[in-house]
């Protein structure tokens, strides 16, 4: 049940769409104040056009590294399941959560069963083959960049290409379908951004995007049953652990998750990282000169700096406490990962981009626990391959001013002009 206790909302705004339309460094000023003065604070429900509810409860903001990791690892007390409203800061219909979020919006035991089945298809042989594909894709993307007349939008020419190409190859999405799938995936995380919505209703855009992705997956799944191929979708269709197989609906939901999460983590980290390297030329020179020795810690700093996923929500399954404050059963807590990755108590000079940072216990893939990112290894592989090509072959790349994506879920850069000669 949800508490009826009346609480006073914190004066710092982290709930409105106007706040989430600001650049990340401007938003960080608010989170720095909260970390310093009120590391646990109560806020109004997120402003939304999806399911506006004047009686919606507020939420507790978790802005420190310690609180994010503690809640992430206590899935028994802090739930993600559809019956609790899932993981988005805003409310969404339960059928949307089922169709779009897959294992993100599940709790044990169902979460454990599905994750086990899905994990079973990521065999060492399959991962090794994917790594070879990624290296080849990164090389060809930089080939295409260098074929352009000295200027480009880095997002469309580079950042957006590699993750969607990798996902498409993994799943066996035919080339003629890839742009349609990419557009639908982008709309799912940009439902409140004018570029994706235009004059349309946000809920209609969300549902139409889900229908596009599910229809594509159903068609591909049927084709794989009739004629198996050497791809991840064929493996998912035939996967079984302890007698459990995935239903068509479960496969489609994971298809959506992979198209969105498998796309945006690397896409946004790539854009943020190239921007940070441009603004920190000494760091770029060190990485380029000593790439093999520096790239592993550099990738971790790319992810910390970008914090591509901004928020996930949990709901208390029972009365508990955080920092001595009573959290009632049914109350929402929201983890702000970008803030956790700027926590001064964990990271020395957290607002400095430092590719040599060690240790680097960032929460860019989550704070641990059962929902830790299943694709973290692939994202790291993509970043290593792509920046190896970029730094070696486009040494004079110059980066302009970013255009930011509005939203509280993905820390997105929509466009990023670059020049090179």
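Here are a few things to note about the model shown:
- Residue 315 meets all of the listed conditions (1) touching a strand residue (DSSP E or B) at 6+ places or on another chain (Cβ under 6 Å); (2) surrounded by 20 or more Cβ atoms within 10 Å (Cβ to Cβ); (3) assigned to a helix (DSSP H, G or I) but one, namely (3).
- Answer residue from segment 396-415, given it is more than 27 Å from residue 335 (Cβ to Cβ) and part of a loop (DSSP other than H, G, I, E, B) and is farthest from the chain's Cα centre (by Cα) among those: 396
- Members of segment 11-35 found to be part of a loop (DSSP other than H, G, I, E, B) and crowded, with 19+ Cβ neighbours inside 10 Å, listed by number: 14, 15
- Considering residues of segment 162-182 that are more than 18 Å from the chain's Cα centre (by Cα) and in contact (Cβ under 8 Å) with a residue 40 or more places away in the chain only, the residue surrounded by the fewest Cβ atoms within 10 Å (Cβ to Cβ): 172
- Residue check, residue 362 under 16 Å from the mean Cα position of the chain (by Cα), crowded, with 22+ Cβ neighbours inside 10 Å and over 27 Å from residue 57 (Cα atoms): yes
- Close pairs from segment 268-287: first on the phi > 0 side of the Ramachandran plot, partner modelled with pLDDT under 95 and surrounded by fewer than 21 Cβ atoms within 10 Å (Cβ to Cβ), Cβ under 6 Å, at least 6 apart: none
- Filter result for residue 121 (in a helix (DSSP H, G or I), in contact (Cβ under 8 Å) with a residue 24 or more places away in the chain and farther than 17 Å from residue 379 by Cβ): no
The values are calculated or read from the model by the stated rules, or taken from the named source; none is laboratory data. As the structure is a computational prediction, the values presented were derived from the model and not from experiment. Glycine gets a Cβ as well: all are built from the backbone with ideal geometry, and neighbour counts include every protein chain shown.
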